[in-house]
Amino acid sequence: MIDLPERPGLELWGGHECTVNRIADRFHDQSRRTGHDVRIADLDRFASLGLKRLRYPVLWETVSPDQPERCDWGIADAALGRMAALGIAPIVGLVHHGSGPRYTDLLAPDFATGLATHAAAVAARYPWITDWTPVNEPLTTARFSALYGHWYPHVRDERLFWLALLNQVDGIRLAMAAIRAVNPAARLIQTEDLGRTFSTSALATQARFDNDRRWASWDLLEGRLVEGHALHEPLCAFGFRARLAAIARAPCAPDVIGINHYLTSDRFLDDVLDRHPKKSHGGNGALQYADVAAVRIEGVVGGGLSGAIREAHGRYGKPLALTEIHNGCTREEQMRWVDDAWSAASRARAEGIPVIALTAWSLLGACDWTSLLTEERGDYESGVWDIRSRPPRETALAPLLRRLASGETPDHPVLSMPGWWSRGGSSGRTRQLPQPMLVTGATGTLGQAIAGACRLRNIPFRLTSRQEMALGDPAAVARMLDDARPWAVINAAGWVRVDEAERSPAACMEANVEGALVLARACAERGIPFTNFSSDLVFDGKCARPYVETDAVAPLNVYGRSKAEADRDILSWDAQILVIRTAAFFSSHDRQNFAMNVVDALRAGRAFEAATDIVVTPTFVPDLVRATLDLIIDGESGLWHLTNEEPLSWHGFALAVAAATGLDSQWLVPMKGADMGWTAARPAASALRSDRGRLLPALDRSIEQFAMDVN
């Protein structure tokens, strides 16, 4: 058994998302998708958090992909050796949401014995390893593979679902026996996604069955699934009486119950289908119902992570670990979920429940879980590090975890407000008084978009207009900052009319340079992080490739010169300053942008002129705002290029908008830039790309979202 740590508080464990699952004949490897398989330096990053243990894959599918006796130990040797040097104890996983190599699968009679052979080989090579998770989430894997058909072997059959689960449980039993033959002190840390099902009264029987089934992995390993157990007769009816008896005679009880609980783990079943989206509709063969996340249903009381901890302790009375804590959401919600989970575990310990650790999961983020790993669409959610930067960029989760691991109270301003899952109640932590984020530009597209995002994300803010704070007036700026006491300032104000700037150059320079400098200087004097926005028009368009952050500027017009001068002066200061260079805004929430102008014209059957020889990188405002807020929360500074990073001519952009919205593109009129009637010169190609990390999604995905918003 694992004892509680002698030091006060919880241990911090970690793990990177390491699933290797199979879809038809193709294997999907998260370690490869995030680049960890060729980046051993990640382990030093992980160690910097203060981790005591690290869940780490030595997976059957990657070590012996073709034949059991042909093993490739290269990655495992290097990684486990480095972990030993760093003083991090591994918790080795052998199958993680997989079905084994190509020569077996979850339904094959040799799955369990094959896994035991792999376990014996791993234990023989690394006899010093104590902690093991031979199969991650066997019940969840069986559901996704043999009940819902998402993963290999892609079947939807209840008997085969139970067969897949029993094969995995036997695999765990035989694997641990093989491991303990090498290391008798080896410990089983058995993970499972643990939630609770709620329902309408009409579906109470189904909910009760689901709530019995959720314990099946642990109950089988404990030897509890015997006569009298709620699941015993249903499994015997499928012909598994002898299998159950054999497992009960030689159980393999976990040393630690590993709870993987997500915000969507608790479910609600509703027989009124039209209350919920069609993608949630399903049934049990006899009844149709919607299956949705309970946390989003008003009036559902109970459950949650604290409920899962208490129920698991009440059932097994063993040490518990929270073995996956991750929230695929905006940065502050990721942080709030970790903070809430740590508080829930600490409260449980105070009640005498032996919760020994919290595991920061998805250290490197996760790829394509939005499709349940059934497609490689390129969707990515960042974690403690963001692998879209090279090297991986540390996010605000890292300092949060370090503080928790060292026993300190987290102090980031976004933690002053609760996460969306608990805004009607309390997470249990006493929160500090909220400081606002100060945002200028109350009447502009960007200012309004940032304010809307802050409302949605529960980030306190103050949106100011010129009347409240004239940026060129140092005294007015000082008064506002001292009164509001913001923890960050975003300047979304300024001159945006490119052609008019040629006629009023002094006014443009006053707004974009002098005003921005006054605000930036006042923030620097007070130690307040400051963010300013710049433009692709700082470039002359003569580069044969998209411009990156290190390229020299050479503006062709007054507006571009104003942004270039502001960038130069602001970035020269020794202060926490972030400059976002972006381009060609589009959004459905503001009618005064190119994409909305295209939609309005085509819907009215009017001709719409667009340049074919001026290339830009369109930027979806919701994507831009989300990434900007995340960077500010992360404490980033310096110059970043943020666009959707696909170079298009204005005419090409209009064609893409027409296609996505289903509008007739015959009204689009191709034009030369010289014939558009612009006063200010435009660079022929001002596309932007970032060398610091591509944080916005692909343009086609964003245009699809835009089309959904306007249709």
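The values are calculated or read from the model by the stated rules, or taken from the named source; none is laboratory data. Just so you know, these numbers come straight off a predicted model, no measurement behind them. We place every Cβ from the backbone using ideal geometry, glycine too, and count neighbours over all the protein chains shown.
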| Selection status of R603, modelled with pLDDT of 95 or more, among the charged types (D, E, K, R), crowded, with 18+ Cβ neighbours inside 10 Å and in contact with a helix residue (DSSP H, G or I) (Cβ under 9 Å, 6 or more places away or on another chain) | no
| said: Within region 476-501, take every residue that is touching a Pro at 6+ places or on another chain (Cβ under 8 Å) and part of a strand (DSSP E or B) and give me the one that is surrounded by the most Cβ atoms within 10 Å (Cβ to Cβ). | reply: V489
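Could you say which residue among E227, E233 is in a loop (DSSP other than H, G, I, E, B) and either of a type in the set (D, E) or surrounded by fewer than 18 Cβ atoms within 10 Å (Cβ to Cβ) (or both)? Write out each step before concluding.
Working: E233 fails: in a loop (DSSP other than H, G, I, E, B).
Answer to the check: E227.
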| Counted residues, region 639-686 - those being part of a strand (DSSP E or B) and out of contact with any Leu (no Cβ under 7 Å at 6 or more places or on another chain) | 6
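A quick yes/no check of all residues on (1) touching a residue at least 60 places away in the same chain (Cβ under 8 Å); (2) surrounded by fewer than 17 Cβ atoms within 10 Å (Cβ to Cβ); (3) out of contact with any Phe, Trp or Tyr (no Cβ under 9 Å at 6 or more places or on another chain):
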| site | (1), (2), (3) |
| --- | --- |
| R22 | yes, no, no |
| H36 | yes, no, yes |
| I40 | no, yes, yes |
| R45 | yes, no, no |
| L49 | yes, no, yes |
| L59 | no, no, yes |
| D66 | no, yes, no |
| For region 502-617, which fully contained strands (runs of 3 or more DSSP E) count at least 3 residues that are within 21 Å of T679 (Cα to Cα) and more than 37 Å from the chain's Cα centre (by Cα)? | 608-611
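Just to be sure, is L556 surrounded by 24 or more Cβ atoms within 10 Å (Cβ to Cβ) and in contact (Cβ under 8 Å) with a residue 12 or more places away in the chain?
The answer is no for L556.
Specify which of the listed residues (L456, L463) is touching a strand residue (DSSP E or B) at 6+ places or on another chain (Cβ under 8 Å) and either farther than 13 Å from L519 by Cβ or surrounded by fewer than 18 Cβ atoms within 10 Å (Cβ to Cβ) (or both).
Answer to the check: L463.
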| message | Just the residues that are of a type in the set (A, V, I, L, M, F, W, C), buried (at least 16 other Cβ atoms within 10 Å of the Cβ) and assigned to a loop (DSSP other than H, G, I, E, B), please, taken from region 370-414. | response | L373, V384, I387, A396
| request: Would you check if S99 is crowded, with 22+ Cβ neighbours inside 10 Å and more than 21 Å from S265 (Cβ to Cβ)? | output: yes
| Out of all the residues in region 85-103, is one or more in the same structural domain as H36 (by TED's automatic domain parsing), of a type outside the set (F, W, Y) and in a helix (DSSP H, G or I)? | yes
| request: From T628, T617, T612, grab the single residue that is surrounded by fewer than 22 Cβ atoms within 10 Å (Cβ to Cβ) and at pLDDT 95 or above. | output: T612
| Selection within region 173-193 - under 32 Å from the mean Cα position of the chain (by Cα) and more than 22 Å from D29 (Cβ to Cβ) | R187, L188, I189, Q190, E192
